[in-house]
1. In degrees between 0 and 90, to the nearest 10, how far off the longest principal axis of the chain does helix 62-92 point, with axes built from Cα atoms?
2. Hey, what's the chain come to in accessible area per residue, 1.4 Å probe, Å²?
3. Among GLN183, ILE25, ILE215, whose Cα sits farthest toward the positive end of the charge dipole of the chain (+1 at Cβ of Lys/Arg, -1 at Cβ of Asp/Glu, about the Cα centre)?
4. If you roll a 1.4 angstrom probe over the protein chains with everything in place, what fraction of the accessible area of the stretch 162-283 belongs to carbon and sulfur, to the nearest %?
5. Once you keep just the Cα pairs under 8 angstrom separated by 6 or more residues, what percentage relative contact order results for the chain?
6. Tell me, what HN-Hα J-couplings in whole Hz come from the Karplus equation 6.51 cos²θ - 1.76 cosθ + 1.60 at θ = phi - 60° for each residue of the stretch 136-150, using x for Gly and Pro?
7. In deg cm²/dmol and to the nearest 500, what is the mean residue ellipticity at 222 nm of the chain if only DSSP H runs of at least 4 residues count, each as -39500 (n - 2.57), divided by the residue total?
8. Charges on Cβ only, +1 for Lys and Arg, -1 for Asp and Glu, centred on the Cα centroid of the stretch 31-135; of LEU98, LEU126, THR86, which one is farthest towards the dipole's positive end?
Amino acid sequence: MKARLFQTGCYLSVGLLLVAMGYLIGLITYKGVPTLGAPLFFGDTPAWQALLGRQPVWDGIWPACVGTLMVVMLALALAFLPGVATGIWLSEYHHSRLARVLGLAVDVLAGIPSILMGLFGFSLILFFRQYISPAANACLLLSASCLAMLILPYLAGTTRTALQAVPFSLRLTAQALGMSPWQSLRHILLPKAVKGIGRGVMLSVGRAAEDTAVIMLTGVVANAGLPSGLFERYEALPFAIFYYSAQYQTPDELAMAFGAALTLMFFTAASFSIAGIITNNKRFNLGS
């Protein structure tokens, strides 16, 4: 009887989650699809002129799309190697004192709210202005660095879990063949864990793409145009959604918020798909 009640509760929970997710996706799709088109992305600017960067876009979300892509890719580039290396250390040297301290640091970093990470970046700029460079300002690189710290625990955690999930018999086989720890990691463990690491990358991309609190304090603004450098301000889709929905004066401006939300949803779905294709493709597996 208790088992049946527990099973019924699980079914109801899954059904409630699916209904909530379906309603959210359906609402964004219903409101956002009618806005999809050149005016949403480029406003009154000719599309080719905007794509080539010859004319600025003032009333479209194209600069926010480019800014989102750049800040997410830059954050992933900054966090990937430290995150994966931390996960490897936590998995392979988990008995050491350094691993215990490192694991605690990763857990604490994972629990820090994103608004505090943004405040850290803002404080960093104030420090640079006062003691190093008076011209220092919030910028794309600062946002990417703060986002990298935000997603680093995801990469470390998924890498550690993926390596620990590798069957112990494979480790014994590598030792029996006389492999060094590095050779075992390079030829046996990482190829087996690459799918798990890829899932960490997918989670990290989604986490970085949707965060608004960090970028609001570290570099994103409205109507900045296309990003012109790492030390310049920029636009991003999460902030565009917030800006349009909070400041709208007409139904068309609110519709742009739904269009931007649908575009961001497509962006994350495309990122997940690309990461899934790469991790499932044997040609990209290490050691194959």
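1. Result, in degrees: 10.
2. With all protein chains present, the chain gives 58 Å² per residue.
3. Comparing the listed Cα positions along the dipole, GLN183 ranks first.
4. Answer for the stretch 162-283: carbon and sulfur cover 62 percent of the accessible area.
5. Once divided by the residue count of the chain, the mean separation gives 26 percent.
6. Those phi angles translate into 4, 8, 4, 7, 4, 5, 5, 4, 5, 5, 5, 5, 4, 5, 6 Hz.
7. Only helices count here, giving -24000 deg cm²/dmol.
8. Checked the options; the winner is LEU98.
The values are calculated or read from the model by the stated rules, or taken from the named source; none is laboratory data. Quick caveat, the model's predicted, so the values are computed rather than measured. Backbone-built Cβ (ideal geometry, glycine too); neighbour counts: all protein chains shown. Just so you know, the surface numbers come from the protein's heavy atoms only, side chains and all, with ligands and any DNA or RNA stripped out. Shrake-Rupley method; radii C 1.70, N 1.55, O 1.52, S 1.80 Å.
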